[in-house]
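> Take a look at the following structure, please.
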Amino acid sequence: MERRASQESPVDLIDSGQFLVAEEIFSERRTNDPMEMVVRAEVAMYFDRVEDAVSLLNEVAPRALDIGVAARFSLVRGRLALRQGDDQQAETHLQTALHIYRYLNDPFGLARSLLLLARFSRRRGKTDEAASRLSAAQESVTGRVSKKVEFLRGLITTEMAAAALDRSEVDQAVELYNEAARQLKNAERGRYYGLSLIGMADLKCSLGEYQDSLELYKEANTVFERYFIPRELSEGYLKLAEALLRLKKIERAEKLAEDSKNVYRDNPTSQSPALAFMAKLALLKDQTEEAAQLASSAVELADKSFSIEDRARARIARGQVELALHEFKQAVETFNEAAQLASAAAGSSSSRRLELEATIYLAEAYHGFDTRAGRNELAKASQTLTAIEDAWLGEEYDRVSTKYEEQIMLTEDNRLVFDGNQLPRWQEAKRTLEGFLLRNALRQTNNSLTRAARKLGVSKVHVHNLKKKHGL
């Protein structure tokens with residue numbers, strides 16, 4: 001990227017999306033100017049150096065006396081509080097910034113404040129309030145033409161796309177994400193451009209278009225790698241891994257999960273999402289002991305983080321391990337915790353998906369000992385699915401629902417029970433029995449195909465074929 005003319009201030013640079021150029025300037029000079037310190041904090045946040053941003057803002061806070069500095073300080077401090085999950089501080093600082101910019105009659109500052117307040121509203125599940133604030137932000141810069149306005153419009157459009165997705169307005173979200181990517185590719189081509197691509201890829205995944213999402217995720221990750229933005233890079237690797245997993249490309253998914261974990265080699269607390277995903281992969285390979293260790297580590301680390309969603313995600317992984325071990329009552333407790341945490345995350349599309357996922361698996365856990373309670377959870381999940389577009393969660397719901405319809409039960413003491421009064425379909429009963437016998441034979445023979453075949457009274461080739469058929 002070419003270096004801008006020296007007379008262009010760091011404020012102007014980052015307001016037009018040129019964070020890398022501003023970073024180069026700051027690497028060559030240090031001043032105690034309050035406004036420049038606030039802007040340096042913005043640059044630090046852009047590159048995910050949160051501790052540096054906190055230090056700069058704490059240092060400048062007593063000196064943010066000029067009204068323009070105070071407005072910018074409040075805006076950046078509010079964004080930082082959003083990043084840290086401190087909703088009370090976020091709202092206080094962002095409202096302060098909004099009032100000052102309104103007093104100053106600064107349309108650009110007003111639009112930025114409204115954008116962040118809309119993000120705050122959306123995170124709390126207040127979709128109508130978010131939409132109103134985004135509309136006001138857009139109107140604030142209507143008719144204005146400049147590089148910084150084009151960049152800001154890209155940010156607003158991205159948030160509008162996410163808000164549309166929260167309202168299940170899929171066609172609108174597709175149109176807005178495409179427009180946001182175009183705007184940000186022209187204006188910034190960095191972190192926020194990458195996030196617009198991630199948004200579109202997530203949308204395609206929710207529609208079951210996993211193959212189409214791959215290139216978008218890859219392009220976004222290339223951006224995050226170029227700028228080395230740890231948080232987005234780690235999450236981007238995992239999102240790509242999830243898409244690959246849906247396409248049954250487990251080895252590539254494993255490699256990306258490890259890459260995601262390694263991004264935070266020096267910050268283990270942030271490794272929780274990668275560990276939770278790796279636990280699920282271990283379960284797919286029938287490595288329950290390793291899965292249990294990974295899930296426990298994920299929960300332990302998530303509980304030290306700011307992210308409520310990470311805590312919910314880690315518990316879903318641990319609950320799935322408990323399901324695999326037939327610890328159904330413990331799994332119920334764990335999935336209940338996950339659902340409550342996701343609900344407390346306040347209504348964004350990602351938190352609602354986590355709550356739905358926990359509810360589906362909660363129904364599956366109840367199937368082992370309390371089918372009435374399980375049917376209640378299935379009813380909740382069914383109602384939620386009408387408002388959430390997610391192909392994979394729909395498939396998981398159908399899988400668990402089928403267990404209830406066909407009256408096949410796996411008990412905590414590892415017994416497979418068929419209800420003779422409500423017979424299952426032949427193929428489903430056969431598939432379930434095959435998997436049950438195969439898993440137990442392999443477990444009892446330490447995964448020896450020869451001894452498992454002898455125990456089941458079939459050939460080694462037949463056991464090998466069954467293992468491949470059931471994905472073990």
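> Which of the following residues is touching a residue at least 40 places away in the same chain (Cβ under 8 Å) and under 22 Å from residue 351 (Cα atoms): 331, 298, 312?
312
> Here are 215, 188: which of them is of a type in the set (Asp, Glu), farther than 24 Å from residue 89 by Cα and surrounded by 16 or more Cβ atoms within 10 Å (Cβ to Cβ)?
The conditions single out 188.
> Looking at (1) more than 29 Å from residue 134 (Cβ to Cβ); (2) part of a helix (DSSP H, G or I); (3) at pLDDT below 95, which is the one condition that is false for residue 163?
Of the numbered conditions (1) more than 29 Å from residue 134 (Cβ to Cβ); (2) part of a helix (DSSP H, G or I); (3) at pLDDT below 95, the odd one out for residue 163 is (1).
> While we're on this one: Residue 279 fails exactly one of the following numbered conditions: (1) surrounded by fewer than 23 Cβ atoms within 10 Å (Cβ to Cβ); (2) free of Cβ contacts under 8 Å to residues at least 60 places away in the same chain; (3) in a helix (DSSP H, G or I). What is the number of that condition?
(1)
> Moving on to the next point. Determine whether residue 321 is surrounded by 24 or more Cβ atoms within 10 Å (Cβ to Cβ) and under 21 Å from the mean Cα position of the chain (by Cα).
yes
> Oh, and also: Exactly one condition in (1) touching a residue at least 24 places away in the same chain (Cβ under 8 Å); (2) among the acidic types (Asp, Glu); (3) under 23 Å from residue 318 (Cβ atoms) is false for residue 389; which is it?
Status for residue 389: all satisfied but (3).
> Being closer than 15 Å to residue 110 by Cβ and either buried (at least 23 other Cβ atoms within 10 Å of the Cβ) or basic (Lys, Arg) (or both) is the filter here, so list the residues in segment 145-168 that pass it.
148, 152, 153, 155, 156
The rows are residues; the columns are (1) acidic (Asp, Glu); (2) within 22 Å of residue 206 (Cα to Cα); (3) crowded, with 18+ Cβ neighbours inside 10 Å.
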position: 340; (1), (2), (3): no, no, no
position: 349; (1), (2), (3): no, yes, yes
position: 354; (1), (2), (3): no, yes, yes
position: 357; (1), (2), (3): yes, yes, yes
position: 361; (1), (2), (3): no, yes, yes
position: 368; (1), (2), (3): no, no, yes
position: 376; (1), (2), (3): no, no, no
position: 379; (1), (2), (3): no, yes, no
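> Of all residues in segment 242-269, count the ones that are assigned to a helix (DSSP H, G or I), of a type outside the set (A, V, I, L, M, F, W, C) and surrounded by fewer than 24 Cβ atoms within 10 Å (Cβ to Cβ).
The total comes to 12.
> With farther than 16 Å from residue 147 by Cβ and in contact with a Leu (Cβ under 7 Å, 6 or more places away or on another chain) as the only criterion, which of 44, 61, 70 stands out?
44
> Select, from 121, 140, 113, the only residue that is surrounded by 19 or more Cβ atoms within 10 Å (Cβ to Cβ), in contact with an Asp or Glu (Cβ under 8 Å, 6 or more places away or on another chain) and under 25 Å from residue 164 (Cβ atoms).
From the options 121, 140, 113, the qualifying one is 121.
> If residue 239 meets every condition in (1) surrounded by 19 or more Cβ atoms within 10 Å (Cβ to Cβ); (2) charged (D, E, K, R); (3) within 30 Å of residue 448 (Cβ to Cβ) apart from one, which number is that one?
The one condition residue 239 does not meet is (3).
> Across segment 82-96, what is the number of residues that are in a helix (DSSP H, G or I) and either at pLDDT below 95 or within 20 Å of residue 44 (Cα to Cα) (or both)?
Here the count works out to 9.
The values are calculated or read from the model by the stated rules, or taken from the named source; none is laboratory data. As the structure is a computational prediction, the values presented were derived from the model and not from experiment. Cβ coordinates were reconstructed from backbone atoms using ideal geometry, including for glycine residues, and neighbour counts include every protein chain displayed.
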